[in-house]
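Report on one structure; see the data block that follows.
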Amino acid sequence: MGNGTVTEGWKSRFCGGKRMAKGKSATVFFCQECGYETAKWMGQCPGCKAWNTLVEEKVNVAAKGMGGSVKAGTAVKRAEPSRLSEVSLSREERISAGMEELDRVLGGGIVPGSLTLVGGDPGIGKSTLLLQVCQKLSDAGHRVLYISGEESLKQIKIRANRIGEISDNFLLLCETNLGTVEEAIRRIGPGAVVIDSIQTMYSEEVASAPGSVSQVREATNVFLQLAKGLNVPVFLVGHVTKEGMVAGPRVLEHMVDTVLYFEGERHASYRILRGVKNRFGSTNEIGVFEMKEAGLEEVKNPSEFMLDGRPENASGSVVACSMEGTRPILLEIQALVCGSNFGIPRRQAIGTDFNRMNLLMAVLEKRVGLQMSGCDAYVNLAGGIKITEPAIDLGIVFALVSSFKNRSVDAGTIVFGEVGLSGEVRSVSMAKQRVAEAAKLGFTTCILPAVCVKKGDRMDGIKGMKVIGVKSVADAIDLI
């Protein structure tokens, strides 16, 4: 192909030639991470600097216009800015979802006009959770519209019968056309809307296939305008990739108000709902559910649930405490340390950071003198939960030393604290809440950083709990 042909094709496609006037589609490359748009493929995205994220799609250039400019004959609405002092604040009444765990993650309830994205692995329970929310809201007198693009009415009915009876305020619609869905929402005027899922919705004005970057971005923009314009809470179900991220452009997570991830092992009975982004509350809160035949059931006391089946008088087993938002969670840390038969010892960590475990073993060898370089080491957080908070460092250290010396830790002892490279035990936040939660479950001794005891946290107000402050890892190990 000569240079003249390339120039003519470029002009006809992007510079107002005859082909653009006829409204034909053009090929554009979108970045799946940030939504950057370019006319040619590149290995690295100029917007977010990510590699191999550009995908080719067809767009309707006539519908889009030249560079996003206003079409001829289109009336422009005049917008007047407001002074900050003129904006009045009124306390927004939240809607209870009927599930305390979900209300906790959302920051106290559902905010009218909010757009919430719920992601998770296939079969984890996203549709079941939202169907139960629809049941609670409809029973409370709210009209709920459930729009499914993946299941038929009969399939939803089968799952609804397993959950329980649902009132007549619950409306179903199986549709994937974005224009039809928008018209139905405006005509019905529901109190809440659920879209299952955002990747199945498509707009006839966009030439690409459903689930593509253009379609997902267009559909999310439409539901965002509906949520804000009608003051209706909208829940979007999002697919995830094999890396665990929400499928589609990363701009999807930026557009919504709240991003919730539904986590949990497929073979485990519990599920964790974690808030990754929340414009109306904390992003550190989690909700714990248990999957049963009748659907998801709330776990009021996750600590008791995680410690169920804990072995007695077993070496390498220690109970630590982690904070998830404002909720303390007690969990069992298990460690197995044994001699290695290979030149390079094997190390494995399940539920916690692998590099953090290697760091703590290096601290034990350098600062305490325990020769663990020739040993295989395995660390597991029982129950399949994943915790990365540094406050469980001291618990991992206790579990490793307990298994290495083959000495069990007292069953009534709980430990927590961050360990530094010098072997010091550093302070952690909300120490009193952690100790109080341990006392509720019957623990009698708590080993924690000495700084937390000196800060003025009145630990003596917690009855039946013996508090021991330690300054270094060596002082803590002497207590075993």
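So the values come out like this:
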| quantity | calculated |
| --- | --- |
| Helix-only mean residue ellipticity at 222 nm for the chain, each DSSP H run of n ≥ 4 adding -39500 (n - 2.57), per residue, nearest 500 | -8000 deg cm²/dmol |
| ³J(HN,Hα), Karplus 6.51/-1.76/1.60, whole Hz, each residue of segment 207-213, x for Gly, Pro | 7, 7, 7, x, x, 6, 4 |
| Accessible area per residue, Å², the chain with all protein chains present, probe 1.4 Å | 50 Å² |
| Gain on full stretching of the segment that runs from residue 228 to residue 366 - 0.36 nm per residue minus C-alpha separation | 43.9 nm |
| Highest to lowest packing among 198-211, 148-161, 352-365, scored as the average C-beta count within 10 Å | 198-211, 352-365, 148-161 |
| Separation between Cα centres of segment 112-176 and segment 267-290, rounded to whole Å | 19 Å |
| Potential extension, residue 154-residue 241 segment - 0.36 nm per residue separation minus Cα distance | 28.5 nm |
| Ratio Rg/Rh [Cα only; Rh per Kirkwood] for the chain | 1.06 |
| Rounded to 5, percent antiparallel among DSSP beta bridges of the chain | 55 percent |
| Projected area averaged over orientations for segment 73-179, convex hull of C-alpha atoms, nm² | 11.1 nm² |
| Over the chain, relative contact order from alpha-carbon pairs under 8 Å, at least 6 apart, % | 11 percent |
| Calculated FRET value between residue 312 and residue 475, using beta carbons and R₀ = 22 Å, to 0.05 | 0.25 |
| Average Cα contact separation per residue, segment 296-431, under 8 Å, 6 or more apart, as relative contact order % | 32 percent |
| Portion, in percent, of the accessible area of the chain that falls on carbon or sulfur, probe 1.4 Å | 49 percent |
| FRET efficiency estimate (nearest 0.05) - Cβ-Cβ, residue 78 to residue 433, R0 60 angstrom | 0.70 |
| Approximate spin-label separation residue 100-residue 441, in nm, with each point projected 7 Å along Cα-to-Cβ | 1.7 nm |
| Integer Hz, Karplus 6.51/-1.76/1.60 couplings in order for segment 93-110, x for Gly and Pro | 7, 8, 9, 6, 7, x, 10, 4, 5, 5, 4, 5, 5, 6, x, x, x, 7 |
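The values are calculated or read from the model by the stated rules, or taken from the named source; none is laboratory data. Quick caveat: nothing in here was measured; it's all calculated off a predicted structure. For neighbour counting, all protein chains shown are included, and Cβ atoms are generated from backbone atoms with ideal geometry for every residue, glycine included. The protein model used for the area step is the full one, side chains on, heavy atoms only, and it has no ligands, DNA or RNA in it. Shrake-Rupley method; radii C 1.70, N 1.55, O 1.52, S 1.80 Å.
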